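Heads up: the structure comes next, in structure tokens.
What follows is calculated from the coordinates using simple rules that are stated; it is not laboratory data. Please read all numbers here as calculations on a predicted model, not as lab measurements. Please note: Cβ atoms are built from the backbone with ideal geometry, for glycine as well, and neighbour counts cover all protein chains shown.
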Amino acid sequence: MRTCIPVLTLLLLPAACNEPIKKEAANTSPDTVYFGGDIITMEGDSAQYAEAVVVRDGKILFVGSKEQALKSASANPELIDLKEQTLLPGFIDAHGHLYMAGIQALAANLLPAPDGKGNDIASLIDVANQWKAANASIINKTGWILGFGYDESQLKEQRHPTAADLDKISKDTPVLFIHQSAHLAVVRSSTT
């Protein structure tokens, strides 16, 4: 059986500070200096940009210019070029579904009107079949027919889709419909 969709997990760093913290005497690991991308601290009421961040043992030691970061880092720090990617130091989300943005981009849109056409079970099946016909490369890569955004409380039938409903989409390829809340899902019947 193929592996389910890989989910990108984010490394979330603790709160940032503007001034270097004095180094402790017993430093067991080298500092890491991140640079070369948009480093957005979100300090204050609007985005604040920095050139570099210094991290040691999961704690942010410094946020500011790259020159000052290199001066405040331990000897021989690990240098991480962000290659123009964005870093949000100190971004902590106690309950996030950020990974769902990636899954939603790969899945059939099962949202109800006005955001989609998922207003009844027949529409969900139709949308998934159209998606299946147009997305063979995603299905081949993931091994799944994916749908995201159904909401039983907004479906005409006022129920979740069943395995028998999803069997109408495919009898060979696994079908997964993820609820709009991302806390529930339904799958088609097993063929094994």
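Key figures
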item: Full-stretch length increase - VAL187, GLN48 - with 0.36 nm per residue and alpha-carbon distance subtracted; result: 45.7 nm
item: Sites ASP115 and SER65 - FRET efficiency at Förster radius 41 Å, r taken between beta-carbons, to 0.05; result: 0.40
item: At R0 = 35 Å, FRET efficiency that the Cβ-Cβ distance of ALA133 and LEU98 yields, to 0.05; result: 0.75
item: Order of HIS95, HIS160, HIS183 under a 10 Å beta carbon neighbour criterion, fewest first; result: HIS95, HIS183, HIS160
item: Candidate aspartates and glutamates - alpha carbon under 15 Å from LYS59, same-chain residues fewer than 8 apart omitted; result: GLU19, GLU24, ASP31, GLU78
item: Sequence ranges 130-142, 164-176, ranked by mean other-Cβ count within 10 angstrom, highest first; result: 164-176, 130-142
item: At 1.002 mPa s and 20 °C, Stokes diffusion of region 99-187 via Kirkwood alpha-carbon radius, µm² per second; result: 170 µm²/s
item: Likely footprinting exposure, MET42, MET100, fewest C-beta neighbours within 10 Å first; result: MET42, MET100
item: Footprinting exposure proxy for ARG56, ARG159 (fewest neighbouring C-beta atoms within 10 Å first); result: ARG159, ARG56
item: Residue-count net charge about GLU51 - beta-carbon cut-off 9 Å; Lys, Arg +1, Asp, Glu -1; result: 0
item: Span from the region 79-126 Cα centroid across to the region 137-192 one, whole angstrom; result: 16 Å
item: Magnitude of the charge dipole, region 99-187, Cβ model with Lys/Arg +1 and Asp/Glu -1, debye to 20; result: 220 debye
